[in-house]
Amino acid sequence: MTVTAVRTDPQSLTMTLEAEFDASAERVWQLWADPRQLERWWGPPTYPATFTSHDLALGSRVTYHMTGPEGDQSRGYWEVLEADAPHRLVFRDGFANADGTPNTDLPTNTMHIRIDEVGHGRTRMSVESIFRAPRHWSGCSAWACRRA
C-alpha cells in the first residue's frame, strides 16, 4: 500500500486518505471484510483492535475493542449504512460503553470508503471521515494524519 494523499478540510469537517494497492478491488475489500485482516491495521499501533462481531451487511453493527499497553480497553462500534462489495462501504463509527451500548457522551463520525480499480492490477482506496463538530475534527484528524 502506498498512501498517495491525505487531505483535511476544516470547512466541511472532513479528512480523506487515499492509497493505492497492487491488488484487485476484491482483495482490497478484504481489508475491511475480514476481521482478522482489519485487526492488523485498525487503530493506533499501541492499541491493537479485536473485532468481536463483524458483519458488513446493511443495517448491521460491527463491534470491537482496542487494548492499550497497560491492558486498558476502549470499545467501539460501526453502524453499517451502505455496503456494496467490493466498491463502497459507509458506516457510522462511535465509542461504546463496557456493555457494548453506544457512548452518547463521545463523538461519532461517518466514514465513506470507496474502492476503485485504476488499471494494470492497481486499485485506489479512498477513506473519507466526516466529523460532526469542529472540536471532533481537529483531534481526530491530527491522530489520523500521524498514522498515515
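The values are calculated or read from the model by the stated rules, or taken from the named source; none is laboratory data. Quick caveat, the model's predicted, so the values are computed rather than measured. Neighbour counts run over all protein chains shown; Cβ positions are idealised from the backbone, glycine included. When the accessible area is computed, the model is the full protein with side chains, heavy atoms only, and any ligands, DNA or RNA have been set aside. Shrake-Rupley method; radii C 1.70, N 1.55, O 1.52, S 1.80 Å.
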Within the stretch 15-28, how many residues turn out to be assigned to a helix (DSSP H, G or I) and open to solvent by less than 20 Å² (accessible area, probe 1.4 Å)?
-> 2
The number of residues in the stretch 54-82 that are open to solvent by 70 Å² or more (accessible area, probe 1.4 Å) and among the aliphatic types (A, V, I, L, M) is 1
Taking the condition in a strand (DSSP E or B), open to solvent by 30 Å² or more (accessible area, probe 1.4 Å) and not hydroxyl-bearing (S, T, Y), does R124 pass?
-> yes
Output for the stretch 83-104, where each listed residue is crowded, with 16+ Cβ neighbours inside 10 Å and either aliphatic (A, V, I, L, M) or in contact with a Phe, Trp or Tyr (Cβ under 6 Å, 6 or more places away or on another chain) (or both) = A83, P86, L89, V90, F91, D93, G94, A96, N103
Identify, by number, the condition in (1) under 20 Å from L17 (Cα atoms); (2) under 13 Å from the mean Cα position of the chain (by Cα) that G76 doesn't meet.
-> (1)
Quickly run through the stretch 40-53 and pick out the residues that are at pLDDT below 95 and surrounded by fewer than 18 Cβ atoms within 10 Å (Cβ to Cβ).
-> R40, W41, P44, P45, T46, Y47, P48
Reported set for the stretch 17-66 where residues are among the β-branched types (V, I, T), over 22 Å from G119 (Cβ atoms) and within 14 Å of the chain's Cα centre (by Cα) is T50, V62, T63
Given the structure, is T67 touching a residue at least 40 places away in the same chain (Cβ under 8 Å) and among the β-branched types (V, I, T)?
-> no
Restricting the search to the stretch 97-117, which residues are of a type in the set (A, V, I, L, M, F, W, C) and either modelled with pLDDT of 95 or more or assigned to a helix (DSSP H, G or I) (or both)?
-> M111, I113, I115
Whichever residue in the stretch 127-145 is of a type in the set (F, W, Y) and assigned to a helix (DSSP H, G or I) and, among such residues, is modelled with the lowest pLDDT | W143
Any hit, the stretch 62-75, residues being within 23 Å of R122 (Cα to Cα) and of a type in the set (S, T, N, Q) = no
